[in-house]
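FYI, it's all coordinate maths here, none of it is from the lab. Here the structure is a predicted model, which means the values were calculated and not measured. Here the Cβ is made from the backbone with ideal geometry for all residues, glycine too, and neighbour counts use every protein chain on show.
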């Protein structure tokens, strides 16, 4: 799977900013691959991209029409169908982050077949499932883990990719959820994989690579979320991470969607993740803590991060406020020490 | 899903005793629901059940024709199709533990539809998926966990159900794999569930019940198996077990299928399982250790079990050699103490 760029982002008839969260992720992280947005009458939200027609988008080279929107049940609204068909007729593939599959709508699939266009239902894995084997792969891997769901794992890993790229490193973001997949143009929705194949899917997502290559793997869920921890553990084992980054939202009062479940304390959460990750990479270490500190003032956030960073001996940052340079530098220094260490060891 | 009994067990043209493992499980654990076996010419294995024709089986009241066999790839051999159709025509439903779905063979599905018969592809969950919520449910639950896959979790839980039933307790075996499902007539193949729904599937499998009721939940995989640990963790959270039974095969040299992965030591395995299980049931305790000791003489096995039982402070048995009475008694005493404890607490 490789989704062609640039994109035309479809906003439908949305009137809720949250409903275009996926498209907003694309526009924020990859503005250079967005030729514009296209809205239906009645749409009251915007990504602040140029509003373009199908004709204009095609002229600007748009290759894929993106359904990065959400509605109740993740269904495809009947009003969208003529727009999707128009996109196909204008020369574009379709990529959707909705639960319901666009490819299941017969008239759309038939038209796509006739025109030779592709439909990417990115929540629905298409790769042949494979069983994980836990064998050590070459290359280096970083994985974001969390105290909960929706605590900024995608943001953290994308920001880290950007920082390490700017430092000239050989680095790739590996998407494990629908927004990340649309941003990167490829990836796998790990939570939609059959449970026997979770770790195998992640092994395939971040395969063996050169020694200087870093895969930065988007995390999902939390070992402490009773609905989704199985996904998180399979991801942890399949990732074979050298470095974990713990993500957390300051002030979150309970596990997402479950008012009766408290958040884990940070120490237990770090210990549980490191301990489980050791099964497939005994050398895994914590490389940083990345927080959403929007509940605090900047001064409070700085103090909080300094104190937590001191406590755990790793940089603690809010990527939005502080950037990811501290964490990237720490990881590279840590990696340098390892090499030094192993060289010394070899000489001894 | 509720598979009708009694069963007619189909052996096909098998020539490998391992290929009829699933049917053997049914014949061993529920001989009273098997009217007989039916083989094709060339079949060289047997379950030591009476060999019957479709007519005889129908006369004996057979309600379901069981494809409890395995072959390379779990496919349905073309030679079996006429037998499956004959079973439908003789008044039976079809239940299969194969990977490939019987219902996907058009001529069989059409015949079943016409005759009003059901097809149960038990490896393929049909229930609407639900997200787990981790809310405490009434009733008591026991779960088998393991140092590895295939270390006797199904055997252990079935033997414990039998023992507790004989003691007059209100108890149910909850199947999570295809053999268990065919033995019990219902259940869910947890490893075939979409990964987002693992714990939710187990919550539905062992739902709220009366205070005196015990669900004994068949375990799957191991938290220490890098291919399947996600399944095991989701199962652990969804089960909300009060009691864990650790299963182990003495002498197993590496994780099943992975010569490069050592088995976990028993202490880490117990600690990791108890610690993860506490997320949805803080009162969970270890209730016993159940081993496959076939690598040892009886005397050696007795010594091994005594020593390990002493070390961990719980009964350690080989269910085949020692039965499950010690573990059942320990669990009930433990449960009694809890009630006593809470009564005292309430009185205080």
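At a glance:
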read-out	value
Cα radius of gyration and Dmax for the range B:7-121 (Å)	12.8, 35
P(r), alpha carbons of the range B:176-244 - 10 Å bins starting at zero, rounded %	21, 54, 23, 2
On Cα atoms only, tilt of A:325-347 relative to the major axis of chain A in degrees	50 degrees
Cα pair distances in the range A:238-348, grouped into 5 Å bins until the bin that holds the longest one, percent each	2, 11, 18, 20, 19, 14, 8, 4, 2, 1, 0, 0
Which of A:293, B:195, A:268 has the fewest Cβ neighbours within 10 Å, and the rest in rising order	A:268, A:293, B:195
Contact order normalised by residue count of chain A, Cα under 8 Å, 6+ apart, percent	14 percent
For the range B:75-162, fraction of C-alpha pairs farther apart than 16 Å, in %	68 percent
Scattering curve values for the range A:92-141, log₁₀ I(q)/I(0), Debye with Cα scatterers, q = 0.14, 0.20, 0.27, 0.33 Å⁻¹	-0.52, -0.73, -1.05, -1.24
As computed over chain B, the Cα convex hull volume per residue (Å³)	147 Å³
Mean separation of Cα contacts under 8 Å, 6 or more apart, over the residue count of the range B:96-198: relative contact order %	28 percent
Rg/Rh (Cα only; Kirkwood hydrodynamic radius) as it applies to the range A:140-347	0.95
Calculated over the protein assembly as shown: convex hull of Cα atoms, volume per residue (Å³)	204 Å³
Fewest-first sequence of A:39, A:307 by Cβ atoms within 10 Å of each Cβ	A:307, A:39
Within chain B, helix-based [θ] at 222 nm, where runs of 4 or more DSSP H residues each add -39,500 (n - 2.57), nearest 500	-11000 deg cm²/dmol
Exam field: residue B:1 pseudo-label spacings to other copies (7 Å along Cα-Cβ), nanometres	2.6
Theoretical gain in end-to-end length, residue A:275 to residue A:1 [0.36 nm per residue, Cα-Cα removed]	95.3 nm
Fraction of antiparallel bridges per DSSP, the range B:7-121 only, in percent to nearest 5	0 percent
